[in-house]
There are 2 protein chains.
Amino acid sequence: MSDRKTQFDKALLGLRSLVMSGEFSGSARLPEVALSERLGLSRTPLRQAMDHLVAEGLLERIETGGCRVARFTLDDINDAIELRGVIEGTAVRLAAERGADPVALAEVERVLDRIDIALKHPDHIDFDAYIVENASFHRLLAHLSGSQLMQREADRVSRLPLASPSAFLREQELIPDFNASLLRAQHQHRAIVEAIRAREGARAEYLAREHARLARRNLDYLANAGPGVATRVPGLSLLSAE
Amino acid sequence: MSDRKTQFDKALLGLRSLVMSGEFSGSARLPEVALSERLGLSRTPLRQAMDHLVAEGLLERIETGGCRVARFTLDDINDAIELRGVIEGTAVRLAAERGADPVALAEVERVLDRIDIALKHPDHIDFDAYIVENASFHRLLAHLSGSQLMQREADRVSRLPLASPSAFLREQELIPDFNASLLRAQHQHRAIVEAIRAREGARAEYLAREHARLARRNLDYLANAGPGVATRVPGLSLLSAE
DNA sequence: TGATGAATTAATGTATACAGAAAATGTAAA
DNA sequence: TTTACATTTTCTGTATACATTAATTCATCA
């Protein structure tokens, strides 16, 4: 359909992964010409992509022109996690209050089953599958609200740096009982859906907020693991640059 | 300081007011060349501004290229109002939980006093002053959270089309007891601040949500006032184009 | 008359050229 | 050695040219 790969899309994808790789976390200004040559496109679509990433919060503008990789404090990340819980909490509350589409609810159940499969063997969790299906689940939750605006907002906050639990998967060995926390997360998933089915908006909202706060636990462990870790966790390398 | 008026800033300001004027609400594609000539700048900064307004939700992209003025349903606007309450509610909850900066709190009180003055004579309310001071109040509320992220988000949602009570001021004569509702809003303002002072986060959050929902009442009246009103209310003319 | 399709027109997406500002480099003086 | 200033270079912000794609017009045929 509209799979027309525009240069801007390429620039956005490429630049995002470059930034996430941490290569430019040295807080210097991002050189436009060098980046555009490296990505194989001109400065125009690259600058568009930079604008988007500034809006996303991954980059920040410099007063004297241009932009650089945004630097986050621990508080920033905690706030992003909190915000994510608030937005998703609102989405599920609206879904419960207004009544969720049964077809979408069935789709949610299928995704939850696939997450179960990924978690089937607690010692050999299929992390790649979990990341994909978990993202699907959260996208579907926003969809259940029936509100286009909430979907867009949920999509936005899910991209906030380090707001997602998946961001911590690469450093799981540093986090005690990480696998167990994934199982707990899945229990929360089912509880949220159950609350929506029962039309209990307040409970659904509360559960979604608590669910988001699981990420805080992981963040705390990584933050106390010393500066060495910061440079090994892609997103977190930004934090150490503060 | 950084008052360097860049062409992009001019484009953003100019385009926003043009869109708000309703002149292009006919859902046709926005012509880039014509607009750039009219605003006295080239297509490059104009397209930047269009990107920003798309992100803001005021414009929407067309599959075949370009963009047009976004069309809103009543549900869209109600969702925007709800979201505003949720975001501001979170900001004041965090402010209460974390403890608000006394200096900022004092500034809030001064703004509230100025709102009182604007509302002093219920039959001759100073609407212009009210709009300005009310905006200041809500900006300061977000500031009280101490979170840069919450400030940015609050700023964003306050710009969501028709999410703000001020958007209805022009059509006040169509809304029964409109002036009285402004007085009620001011009472809510003080109650919110009081809850923050008392460190009662949950109450502050609840009050802020209810406060935002005042706008729903106004919206309902205008929605029932017939299609003629839609074309007279700048933002709402978008609604009738659906 | 209505519909289908070719041809023309217009408009978007992208590249690039250019001007002006910021940073870097180098030189001279204290 | 360090500071201040001048010079050079680089880079951003903006304008514009170009190409490709969408819209429109017009002509032909059923």
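General remarks:
- Equivalent ellipsoid of region A:75-230: semi-axes from √(5λ) of the C-alpha gyration tensor, largest first, are 26, 18, 12 Å.
- Around the Cα centre of the protein assembly as shown, unit charges on the Cβ atoms of Lys, Arg, Asp and Glu (plus for the first two, minus for the last two) sum to a dipole of about 700 debye.
- Judged by the mean number of other Cβ atoms found within 10 Å, the most tightly packed of the peptides B:52-59, A:113-120 leads the ranking B:52-59, A:113-120.
- Number of partner chain Cβ atoms within 10 Å, mean per residue of B:171-177: 0
- Angle in degrees between helix B:7-20 and the longest Cα principal axis of chain B, rounded to the nearest 10: 80 degrees
- Partner chain coverage, peptide B:69-82 - average Cβ within 10 angstrom: 2
- Two-decimal Rg/Rh across region B:1-100, once Rg and the Kirkwood Rh are taken from alpha-carbon atoms: 1.10
- Principal-axis tilt of helix B:148-158 within chain B, Cα atoms, nearest 10 degrees: 60 degrees
- Convex hull of Cα atoms in the protein assembly as shown, direction-averaged projection (nm²): 24.5 nm²
- Here the peptides B:99-106, B:201-208 are ranked by packing, the mean other Cβ count within 10 Å, and the order with the highest first is B:201-208, B:99-106.
- For region B:3-52, projected area of the alpha-carbon convex hull averaged over all directions, nm²: 3.5 nm²
- Computed from backbone phi with θ = phi - 60° and the Karplus coefficients 6.51, -1.76 and 1.60, the 3J(HN,Hα) list for region B:112-122 is 4, 5, 5, 5, 4, 4, 4, 9, 3, 9, x Hz; x is used for glycine and proline.
- Accessible carbon and sulfur surface of region A:65-155 relative to its total accessible area, %, 1.4 Å: 52 percent
- For the pair region B:19-83 and region B:90-156, the centres of their Cα atoms are 29 angstrom apart.
- The accessible-area loss of region A:45-68 on complex formation, taken against its chain alone with a 1.4 Å probe, reaches 40 Å² or more at A:48, A:51.
- Cα shape, region B:84-166, gyration tensor, a/c 1.5 rule: oblate
- Rounded tilt (10° steps) of B:74-98 against the dominant C-alpha axis of chain B: 40 degrees
- The residues neighbouring residue B:24, those whose beta-carbon lies less than 14 Å from its own, together hold a net charge of +2 under the Lys/Arg +1, Asp/Glu -1 convention.
- Total accessible area lost when B and A pair, probe 1.4 Å, Å² to nearest 100: 2200 Å²
The values are calculated or read from the model by the stated rules, or taken from the named source; none is laboratory data. Fair warning: this is a prediction, and the values are worked out from it, not measured in the lab. Note that each Cβ is placed from the backbone with ideal geometry, even for glycine, and that neighbours are counted across all protein chains shown. These accessible areas exclude ligands, DNA and RNA; they are computed on the full protein's heavy atoms, side chains included. Shrake-Rupley method; radii C 1.70, N 1.55, O 1.52, S 1.80 Å.
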